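Engineer: Take this structure first; my questions come after.
The values are calculated or read from the model by the stated rules, or taken from the named source; none is laboratory data. Model, not experiment: these values are computed from the prediction. In this analysis, Cβ positions are derived from the backbone assuming ideal geometry, glycine residues included, and neighbour counts consider all displayed protein chains. The protein model used for the area step is the full one, side chains on, heavy atoms only, and it has no ligands, DNA or RNA in it. Shrake-Rupley method; radii C 1.70, N 1.55, O 1.52, S 1.80 Å.
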Amino acid sequence: MTVREFILKQILYSVLAFLLSLLVFLNVHWIARHNILYSSPGLKLAGYNPFIDKETELKEIETDRKYINLFKNKKVTFQELAETIRLNENYGDKNQVVVTAKRILGKIEKYRSHNFKWWELVICIVLSVISHYIPYWMLLFSERILKISMEDEVKQFHTIIMMLMHIERISVEDILHWMEQFAEIFKPSIQKCLNSYEYGDRQALEQLIIDEPYPPFARIVENLISAADKITVEQAFDELRLEREYYQEKRKQDNEIMVNRKGILGKFIAFIPMGATILLYILIPFILLSIRQLISFSDEIDKLF
């Protein structure tokens, strides 16, 4: 991936996140307004409660919808709404007009409240900014996984070299061929080195270090350069056993650290449901009740004095 493609990917993630979050908010408001116009709690319970008449509920919803559409974009008081209902509907009871006006006015207020708000725009922008960095975080995660794979591949090269270094008349080019057969991450660079090896072994190996600057792999190539110049392969990789043991011990420690981190994270995730239950259903209601009682006690004390 080129830098231009990476930046384009970040822009696409950001734009898509903004549009998706914007559509979610707009869809939520549209669904809420649609439910206010075409549904009601009584209608939803009509199939379960025999005391609720479905036809009556539908008529009330239709009446409410007519006045909601009439006054949704206008300022209307309770008296004006009640007077309009009294003139247009055949309600003989004045209390029925009042109840209907209160119900419709409440629905109008709810209908008006379901519009796109400034803090929803802020949330969309925040999600867009976060999504902008998702490709970068994915790249960091891929880099971490790649480093682990590179370390495993280098250890595999160590094993191959330890098996080949004791063979008489083994050459650096033969070792490169064997490494190329078992390589995955370093395979293109090793192939390039082998193609240039006939025109200059040292130059090809030095170019391999430039192409793959990963330190453990670069040390292998440096040992290959020493074997190509002056000493034998066995002498060049004399300390390979100690280095291999070091990487094995390092991987063991890394695995232990990773297991401990996953254990801590697992315990934290497992505690979230219980912690949320205690916080939402015990602590917060208790604190709110305490605040209300404190306010009522302070009001009573003020009245006494």
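Engineer: Please identify the pairs in which a residue from region 261-279 that is on the phi > 0 side of the Ramachandran plot has its Cβ atom under 9 Å from the Cβ atom of a residue that is outside any helix (DSSP H, G or I), counting only partners at least 6 apart or on another chain.
Structural biologist: Short answer, once both residue conditions are applied: none.
Engineer: Are any residues in region 189-208 assigned to a helix (DSSP H, G or I) and either open to solvent by 70 Å² or more (accessible area, probe 1.4 Å) or among the aliphatic types (A, V, I, L, M) (or both), and if so, which ones?
Structural biologist: If the condition is that a residue be assigned to a helix (DSSP H, G or I) and either open to solvent by 70 Å² or more (accessible area, probe 1.4 Å) or among the aliphatic types (A, V, I, L, M) (or both), then Ile190, Gln191, Lys192, Leu194, Asn195, Arg202, Gln203, Ala204, Leu205, Glu206, Gln207, Leu208 are the ones that fit.
Engineer: Moving on. Of the residues Ile104, Ile125, Ile108, only one is open to solvent by 80 Å² or more (accessible area, probe 1.4 Å) and touching a residue at least 40 places away in the same chain (Cβ under 8 Å); which?
Structural biologist: The match here is Ile125.
Engineer: Name the one entry in Ile225, Ile284, Ile231, Ile278 that is open to solvent by less than 80 Å² (accessible area, probe 1.4 Å), outside any helix (DSSP H, G or I) and out of contact with any Pro (no Cβ under 9 Å at 6 or more places or on another chain).
Structural biologist: Residue meeting the stated conditions: Ile231.
Engineer: What number of residues within region 136-177 are not β-branched (Val, Ile, Thr) and not in a helix (DSSP H, G or I)?
Structural biologist: 5
Engineer: Further question on the same structure: Applying the selection to region 67-98, what residues are surrounded by 13 or more Cβ atoms within 10 Å (Cβ to Cβ), in a helix (DSSP H, G or I) and not acidic (Asp, Glu)? Before the answer, list the steps.
Structural biologist: Of all residues in region 67-98, those surrounded by 13 or more Cβ atoms within 10 Å (Cβ to Cβ) come to 67-68, 70-72, 76, 80-86, 89, 91, 96-98.
Going one step further and asking which of them are in a helix (DSSP H, G or I), we end up with 67-68, 70-71, 80-86, 96-98.
Matches in region 67-98: Tyr67, Ile68, Leu70, Phe71, Leu81, Ala82, Thr84, Ile85, Arg86, Gln96, Val97, Val98.
Engineer: Do you know which residues across region 99-135 are part of a helix (DSSP H, G or I) and within 30 Å of Met1 (Cα to Cα)?
Structural biologist: Matches in region 99-135: Cys124, Ile125, Val126, Leu127, Ser128, Val129, Ile130, Ser131, His132, Ile134, Pro135.
Engineer: Output the residues belonging to region 179-188 that are crowded, with 16+ Cβ neighbours inside 10 Å and assigned to a helix (DSSP H, G or I).
Structural biologist: Within region 179-188, Met179, Glu180 meet the criteria.
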